[in-house]
1. How many of the residues in region 141-163 are in contact (Cβ under 8 Å) with a residue 60 or more places away in the chain and surrounded by 15 or more Cβ atoms within 10 Å (Cβ to Cβ)?
2. Quick one: in region 84-111, of everything that is open to solvent by less than 80 Å² (accessible area, probe 1.4 Å) and hydrophobic (A, V, I, L, M, F, W, C), which residue is nearest to residue 30 (Cα to Cα)?
3. Suppose we filter region 255-272 for residues that are in a loop (DSSP other than H, G, I, E, B) and of a type in the set (A, V, I, L, M, F, W, C); how many remain?
4. Read through the list (1) open to solvent by less than 30 Å² (accessible area, probe 1.4 Å); (2) closer than 20 Å to residue 26 by Cβ; (3) not polar (S, T, N, Q), then give the number of the only condition that residue 124 fails.
5. Under 6 Å between Cβ atoms, at least 6 apart or on separate chains: pull out the pairs that start in region 164-186 with a residue that is part of a strand (DSSP E or B) and exposed (fewer than 14 other Cβ atoms within 10 Å of the Cβ) and end on any residue that is of a type in the set (S, T, N, Q) and at pLDDT 95 or above.
6. Scan region 210-247 for residues that are over 16 Å from the mean Cα position of the chain (by Cα), among the aromatic types (Phe, Trp, Tyr) and within 30 Å of residue 257 (Cα to Cα) and jot them down.
7. Is there a residue in region 231-238 that is of a type in the set (Phe, Trp, Tyr), more than 20 Å from residue 184 (Cβ to Cβ) and in a strand (DSSP E or B)?
8. Have a look at 270, 207 and point out the one that is more than 15 Å from the chain's Cα centre (by Cα) and crowded, with 17+ Cβ neighbours inside 10 Å.
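The values are calculated or read from the model by the stated rules, or taken from the named source; none is laboratory data. Keep in mind that what you see is a predicted model, and the values were worked out from it rather than measured. Note that we place each Cβ from the backbone using ideal geometry, even for glycine, and neighbour counts take in every protein chain shown. Please note that ligands, DNA and RNA were not included when accessible areas were found on the heavy atoms of the full protein model with its side chains. Shrake-Rupley method; radii C 1.70, N 1.55, O 1.52, S 1.80 Å.
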Amino acid sequence: MKSKMLPTIIASLSFAAVPVAFGATYQMELAAAYGEVDVDNYSTSQNDYSLSGTYYFSLVDTKNRPLAESAFLQKAGSVNVRGDYSRYESSYSSLDYTSEARVYGRELGADIYIPNSVFYLGGGVREFKARSEWNYGENKGSSSEDWDSRWYVKAGVTPVDGMLVWSEFYEDVDVSDYWNINAKYVMPIGAEGHWLNLEARYEATEDDGDDSQSFSMAGDYYLDSHLSLGGGVTHYTYDGDYSNDNENEYFVRANQYFTDNLAVNLKYADGDYESSWTLGATLRF
C-alpha cells in the first residue's frame, strides 16, 4: 500500500477558500476527471478519463446551500450524458509478456423527483466496448468486443428533506443474484453555513457459488458553501468455491469551488491491493 503518501495528499487538500456572493443559479454542468491506479506488487497500470454533462429541468438555486449539494437539496430533476475511457497495461519481464487493454464507456440517464411526493425515479442506458492486445515472446494476439448495452432503473424515497434512499436494478439481472441499497443525507450542523454529507452503500452478488459483498461509508464536512473535506472506507468480502478474501479501501477527498461556477476536486484511495488518485474539475452555466 501507499499509506506513506497520505500525509502529503491530506496536506494538499487544504485549498484556500475564496469568498464570493451567495445566490447564484445555474442550469448546466460540465465535469471532467483523470485518474491513475497502481496495483501493488504487479507491473500493472491503469489510466482513467471521464467527461460528463448534466442539464437540469429548472434553474438550481445555490442560496444558503453548499454549492456541491445545491441540486440534490433542491430535488432538481435532470438529464445527463457521460463518456469514459480506461487504459490498462501489464508487463512481466520474466515471461516476456506484455498486454494492453482499452475500455470505452458511454451513458445516457435521467433523474426525476415526483412533484408533491416522496418518490424518486431514475434510469438510463450504459454501453461498453473493449479491445485488447498481447505479446508473449514472438506470439501476438488481439481481441475486440462491440458495444454492449444495459438498461438500468433507480427507485427511491426522500423521507425527510436532504435525504434520499434508493436501489438500482439492471437489465437481465435478477434481484436474487444482485441487489443494492444506497443512502445519502445532507444536513446543516453547528455554525451557520456548515453542512455534513453522509453516504452509505451496500451491495451483494451471488454467481454460481461465488458470492461477494461490499459496504461503503463516506462523509464530507463543509467548512463553508465552497469547501468540503471528507473521506470514507469500503469493505469487500469474497466467498467462492476456490478462495475467500476480505479487502478494505480507505479514501480522502476534497472539493473546492473557487467561484460559484468553477470547482476542482481531488481524491486519494489506499487499499489492501492497490492505490489510486483522481483529479477532477466542474464548470457550471
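1. Going through region 141-163, the residues in contact (Cβ under 8 Å) with a residue 60 or more places away in the chain turn out to be 158, 161-162.
Adding the requirement that they be surrounded by 15 or more Cβ atoms within 10 Å (Cβ to Cβ) leaves 158, 162.
Looking only at that region, the number is 2.
2. Only one residue fits best here, namely 110.
3. 1
4. (2)
5. none
6. Selection gives 221, 222.
7. Step one: list which residues in region 231-238 are of a type in the set (Phe, Trp, Tyr), which gives 236, 238.
Applying the additional criterion that residues be more than 20 Å from residue 184 (Cβ to Cβ) yields 236, 238.
The next check asks that each one be in a strand (DSSP E or B); those that pass are 236, 238.
Checked region 231-238: at least one residue is of a type in the set (Phe, Trp, Tyr), more than 20 Å from residue 184 (Cβ to Cβ) and in a strand (DSSP E or B).
8. Values: 207 fails: crowded, with 17+ Cβ neighbours inside 10 Å.
Within the list 270, 207, the selection yields 270.
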